[in-house]
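Here's the structure we're looking at; comments come further down.
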Amino acid sequence: MLILGSKIEQGAVILDVRTLDEFETGHIDGAINIPLSKLATEEIPMDKNAIIITVCSHGLRSVKAVERLKARGYNNVFNGGAWSDLASTLKKE
């Protein structure tokens, strides 16, 4: 997780791939919400060179999100796992 913290310090975007309902129940401040189901078709409001950290509820959708983003030409993408775990880690740093 320390690597992800340094990526955030470098200006990484946190992309929460949960549903809007899940996102609204709690999320990391400043995170962008694009549900995994829309990643293949929606316009992604980030530069292809942006540092992106994907998060979800438990980490499974985050893995799939990394794969989908890389398939669309985003190469600087990292799996952040569960949003709550990453949020806790960031508070400690």
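The values are calculated or read from the model by the stated rules, or taken from the named source; none is laboratory data. Just so it is clear, the model here is predicted, and its values are computed rather than measured. Don't worry about glycine lacking a Cβ; one is built from the backbone with ideal geometry, like all the others, and counts go over all protein chains shown. Accessible surface is based on the protein model in full, side chains and every heavy atom, while ligands, DNA and RNA are left aside. Shrake-Rupley method; radii C 1.70, N 1.55, O 1.52, S 1.80 Å.
Observations
- Qualifying residue in the range 59-74 (condition: within 17 Å of residue 10 (Cβ to Cβ) and either modelled with pLDDT under 95 or open to solvent by less than 70 Å² (accessible area, probe 1.4 Å) (or both)): yes
- Matching residues, the range 25-34, being open to solvent by 20 Å² or more (accessible area, probe 1.4 Å) and free of Cβ contacts under 8 Å to residues at least 40 places away in the same chain: 25, 29, 30, 32, 33
- Of the residues 43, 22, the single one that is crowded, with 16+ Cβ neighbours inside 10 Å and of a type in the set (Asp, Glu) is 22.
- Taking the numbered list (1) within 20 Å of residue 70 (Cβ to Cβ); (2) free of Cβ contacts under 8 Å to residues at least 24 places away in the same chain in turn, residue 13 passes all entries but (2).
- Some residue of the range 18-35 being out of contact with any strand residue (DSSP E or B) (no Cβ under 8 Å at 6 or more places or on another chain), farther than 21 Å from residue 91 by Cβ, of a type in the set (Gly, Ala, Ser) and not in a helix (DSSP H, G or I): no
- Residues satisfying the stated conditions in the range 42-78, i.e. touching a helix residue (DSSP H, G or I) at 6+ places or on another chain (Cβ under 8 Å) and more than 20 Å from residue 22 (Cβ to Cβ): 51, 77, 78
This table checks each residue for (1) on the phi > 0 side of the Ramachandran plot; (2) of a type in the set (Gly, Ala, Ser).
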position: 47; (1), (2): no, no
position: 50; (1), (2): no, yes
position: 59; (1), (2): yes, yes
position: 68; (1), (2): no, no
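- Among residues of the range 45-93, those that are of a type outside the set (Gly, Ala, Ser) and assigned to a helix (DSSP H, G or I), counted: 16
- Looking only at the range 7-17, residues that are open to solvent by less than 70 Å² (accessible area, probe 1.4 Å) and assigned to a helix (DSSP H, G or I) come to 2 in all.
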